[in-house]
Structures are given as C-alpha cells and as structure tokens.
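Everything below concerns the one structure shown next.
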C-alpha cells in the first residue's frame, strides 16, 4: 500500500472482488479486496464533497436549481451545502467577483480546510465575462487556484453536474494521503509562484499561451499582469 | 400666488412665483425638457434656494441627487461637473430639478444634509464616484468603492478598465493555502 501510487491504480476503487487470485506471488483469499489507501481515501472524498456556495450573481440561481429536486446534486454526493467555509471542501464561485469582494473570497478560501477544490462557475467568475471594467476581477484564477471551469452565462444545471463528475474524476486521480495534487497543477502553481515575485510587466512565460493569462489570448494583444490596463 | 387656471397649464407656476417673490430675477436660469423644469443655480446661492424650496414650496423629499462629468462633451462651455437635485413635493406631486455646476481642480459644494437627511448617502456616492466634496457633510467617505481606492471612477478621464486596481491582489497558490 504505497502512498502516492494511486495514479497507477486508475481509480474505481475498491477493486477486484470475488475469486481469489494471485498478485505478484501473494495469494489473495476470496472476498478480499486489494487496493491502495490513496485510492480508498480519494473514493471517499469524491463522493462526499461539501460545497461552499460562493454565489454572487445569477449563476447562484442555477446553483440553487442544481441543489433542488429536479436536478438534485445529492445524486453525486455533493448536496451538503454549508455556509461556513470551515466545514466545506469544495468552493463553487458562482457569479462575478468585484474587486471589493476578492479579499473576502481569498479569506474564505484560506478558511477552508485541506483538501479543498474550487469550481469557477460561469463566464464572469472564469474571465470577468462582459464586465470588463475597473471594478470586476477578470477571472478568479488569477488570485486563487481553480480546478474546474464551467462555461456559460449562466451555465445549465447539467453543466454543473458534469463539472462535479469531472471534479470527482480529478479527485480520484490526484488525491493522495500526503496531500500532493495533480502533476499539472503542481507545475502551474510553480509557475505562478515564479511570476509572483516579478515586478509588474516582467512576468516570464513558461510556455506558449502563457504570455497573457494561461492560455487565453486577449484580443488587444499580450497583457502585462498588474500594470495599467487602460489601453 | 398664481390662479387656478394658471396652475392647470403650468404645474410649476406656484413654485416659480414663490421663487420670484423671494429672490427676484437673475438668480437662476431655466430650461425645459419634456415636462421637466430645470433651474440652474450658482453654487453660492444653492443652499438658500434649496431652503426656500423646502420650507416655502413644500418640497419635502429629495428624490435624487447625482452628478455628471461633462469633460470632453461637444460644445460644452459651462463647468465640468454638474450636480443635480431632483425635488418632489409630496402634496402636489410636483417635481423640480435643480442643477449647479462645479469645476476642477477642487470641486466643492455645500452639503444638503442639513436640509434633507436623505442626502447623506447620495452625497457620499457622488463623492465616491466624482470626487466632489460636500462641505458640512457629517460623514463624507467612500460608500461603494473600497476605502483604499484612490481614484474617482466615474470621471471621464478615468479609464474604463481602471488603473490596475482589479489586479492589485496577492495570488494564492495551492501549496500555501
């Protein structure tokens, strides 16, 4: 039961059941399950996500619809919406985030216990949407880590359910007892950390597409984070 | 005071008669737009005219207080900022718009809070968005933008996308959060 080996086991824990079999020379008796602790823990986590609804706009209405009986997020084990971040492990940011609200958002994110995930729901939370003004943050992923993005204005409830499923897959793939995330996430975090200590306008691009905002090319040409965007 | 027939044709006749009786001519300019009557005042006469309107013409409610920045407006010759007061007479439902202009570099107006308490937050909003200070306001600070905001975002020389305020936050990474 090696910690960190869950990536090889490819989810769908607890695994083989039934006939006794021989695994690498060790006889496994009947009615015995072989898996990794990582895999079991991830399996437990992914079916008991407790969302923290950070609903600031009309996306929040769709989020309520997902929680209600017609779409019923309880089918995926994520129905326990808690309004205290201390009890949650999934933040769903639904709606635009004003620059006055962002310190609140960051504080709530910091208050959530590990392990935690974040869904950026809708065009406004992901990119600022049509609100390209001084007061609205252009994508929350500039300031907090995001696991799954949902497009739409607002997204259909089915899309939110899909994002829960995607996140469950991600949790199953990436979670370990020792708290390491997905390899691509770690890579991205490292890049963000490098960029943070650069003076405004001097951020380094790791790969093609990073020059602007991590894959999203601004129509007005490459942007420089943190400097005057008044062009 | 005016006659009843006069009032039927012009709802502002009584108000204008009172103002003419108290102040005489030449204090305010006048213009009409549809059924609105707008009076233009110099800032120095603002409070006394508003006081007469409230006390003698019974405009008990300050329905709206706002401002406009006319920087770069085609053909504009008056002061850069214009502050408007929309008054409502609760007895006759008469509405009256009072306008006054203030100019750069230090736009300043007397506060209307002593007349209508409802002017409190509206003047704070005008201050927040345009930087027009209202002397005599009991608590003039920002109402919508965060306290550490330094610009006045509804001024025409402020860029729509701001001066980087919306990016001026620490980035939280997963490793440290």
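The values are calculated or read from the model by the stated rules, or taken from the named source; none is laboratory data. Since we're looking at a predicted model, the values are computed, not measured. Every residue, glycine as well, gets a Cβ built from its backbone with ideal geometry; the counts of neighbours run over all protein chains shown.
List of remarks:
- Scanning the stretch B:59-76 for residues that are under 22 Å from residue B:48 (Cβ atoms) and buried (at least 18 other Cβ atoms within 10 Å of the Cβ), we see that the one that is farthest from the chain's Cα centre (by Cα) is B:59.
- Out of B:134, B:40, one residue alone is in contact with a strand residue (DSSP E or B) (Cβ under 9 Å, 6 or more places away or on another chain), surrounded by fewer than 19 Cβ atoms within 10 Å (Cβ to Cβ) and part of a strand (DSSP E or B). It is B:40.
- In the stretch A:91-138, the qualifying residues are those that are touching a residue at least 60 places away in the same chain (Cβ under 8 Å) and within 10 Å of another protein chain (Cβ to nearest Cβ), and the one that is farthest from residue A:171 (Cα to Cα) is A:138.
For every residue, the table says whether it meets (1) more than 7 Å from chain A (Cβ to nearest Cβ); (2) over 17 Å from residue A:103 (Cα atoms); (3) touching a helix residue (DSSP H, G or I) at 6+ places or on another chain (Cβ under 7 Å).
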site: B:128; (1), (2), (3): yes, yes, no
site: B:133; (1), (2), (3): yes, yes, yes
site: B:136; (1), (2), (3): yes, yes, no
site: B:139; (1), (2), (3): yes, yes, no
site: B:151; (1), (2), (3): yes, yes, no
site: B:158; (1), (2), (3): yes, yes, no
site: B:161; (1), (2), (3): no, yes, no
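- Filter result for the condition that a residue is more than 19 Å from the chain's Cα centre (by Cα) and in contact (Cβ under 8 Å) with a residue 24 or more places away in the chain, over B:79, B:14: B:14
- Only one entry of B:151, B:119 meets the criterion of being at pLDDT below 95 and touching a strand residue (DSSP E or B) at 6+ places or on another chain (Cβ under 6 Å), and that entry is B:119.
- Of the residues making up the stretch B:66-109, those that are closer than 22 Å to residue B:11 by Cβ and either modelled with pLDDT of 95 or more or assigned to a strand (DSSP E or B) (or both) number 10.
- Qualifying residues in the stretch B:148-177 (those that are touching a residue at least 12 places away in the same chain (Cβ under 8 Å) and under 26 Å from the mean Cα position of the chain (by Cα)) - the one surrounded by the fewest Cβ atoms within 10 Å (Cβ to Cβ): B:157
- For the condition over 16 Å from residue B:46 (Cβ atoms) and surrounded by fewer than 16 Cβ atoms within 10 Å (Cβ to Cβ), residue B:120 does not qualify.
- Per this entry, residue B:122 is not counted among residues that are under 20 Å from the mean Cα position of the chain (by Cα), in contact (Cβ under 8 Å) with a residue 40 or more places away in the chain, within 14 Å of another protein chain (Cβ to nearest Cβ) and assigned to a helix (DSSP H, G or I).
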